[in-house]
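Here is the structure we will look at, set down as structure tokens.
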Amino acid sequence: MDLQTMIAGWVRDARTAAGLSGTALGARLALELGTERGNTKANISHWENEKHSPNLKQLLAISRVTGRSLPPEILAPMSGANDFPHPAGLSNALRVVAAEGEDDGFIQIPMVKLRLSAGITGYQAEPERRDGGTLGMRRTWLERNQYNPTHLIAIYVKGESMEPSLYAGDIVVINTLDTKLVDGAVYAFNYEGEAVVKRLARDAGQWWLTSDNVDQRKYHRKLCQGGECIVIGRVVRKESDRI
């Protein structure tokens, strides 16, 4: 078994044993490494599928986050240390180091909890500490869509009203610069002092907050008007573990 294969297996085993999704591990690594260059679910998947390998600093961070020790068979060739014997079949193993520029392709978006007041435009945000507190987004995606990352926030979806489009525990990214109302688009609203994620609909000359759940008796539409319904921003992306 070559070194890259061993690393891929160890990352996968460490993550699953710790009960973490790829997104959660990536967010915790960003916090652990103390850098804005994060590791999203895609990065973790690439490591586990041998598309490329994490560097030693990243491996040590994974070890701290998951509580799983790095075996000598990986640590020795990665660190270049001479006090670890090379395992059988790996006497010519080369040190594997991910290019430093790989993480430059990601920008961290803050995960937040919204604190709202009824009828008052604007919001207060406190850090969401679950899963590391940030969400790594590809720089190319941000640039392609011309999003300013300083005006993006990410929140967890609550409840069942937007199923099957969004499930409780999914993450949505909100562009707080985009408050222009568009029929059929999804937004985060301050609705009577509560943060809600709803699809906007235009009907009979008025705007309505609608749910995607088929149970329209339980999740009926609500009129969006005046100070009781204030747009926080448009939902521009979701992250979900559901396939």
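The values are calculated or read from the model by the stated rules, or taken from the named source; none is laboratory data. Since the model is a prediction, treat every value here as computed from it, not as a measurement. No Cβ is skipped: glycine too gets one built from the backbone with ideal geometry, and neighbour counts run over all protein chains shown. Surface accessibility is based on the protein's heavy atoms, side chains included, excluding ligands, DNA and RNA. Shrake-Rupley method; radii C 1.70, N 1.55, O 1.52, S 1.80 Å.
Listed values, structure above:
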item	result
Residues of segment 48-79 satisfying the condition of being surrounded by fewer than 18 Cβ atoms within 10 Å (Cβ to Cβ), in contact (Cβ under 8 Å) with a residue 40 or more places away in the chain and farther than 16 Å from residue 29 by Cα	49, 50, 52, 71
Residue under evaluation residue 170, criteria (1) under 20 Å from residue 23 (Cα atoms); (2) open to solvent by 70 Å² or more (accessible area, probe 1.4 Å), criterion not met	(2)
Single match in 137, 162 (criterion: farther than 24 Å from residue 107 by Cα, in contact with a strand residue (DSSP E or B) (Cβ under 8 Å, 6 or more places away or on another chain), open to solvent by less than 10 Å² (accessible area, probe 1.4 Å) and of a type outside the set (Asp, Glu))	162
Residues located in segment 16-47, provided they are open to solvent by 40 Å² or more (accessible area, probe 1.4 Å) and either assigned to a helix (DSSP H, G or I) or modelled with pLDDT under 85 (or both)	16, 17, 28, 31, 32, 34, 35, 36, 37, 41, 45, 46
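To keep it simple, each residue is scored yes or no on (1) hydrophobic (A, V, I, L, M, F, W, C); (2) at pLDDT 80 or above.
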site	(1), (2)
78	yes, no
89	no, no
94	yes, no
135	yes, yes
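Yes/no matrix, rows are residues, columns are (1) farther than 26 Å from residue 138 by Cα; (2) in contact (Cβ under 8 Å) with a residue 40 or more places away in the chain; (3) loosely packed, with under 13 Cβ neighbours inside 10 Å:
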| position | (1), (2), (3) |
| --- | --- |
| 175 | no, yes, no |
| 212 | yes, yes, no |
| 233 | no, yes, no |
| 238 | no, yes, no |
| 243 | no, no, yes |
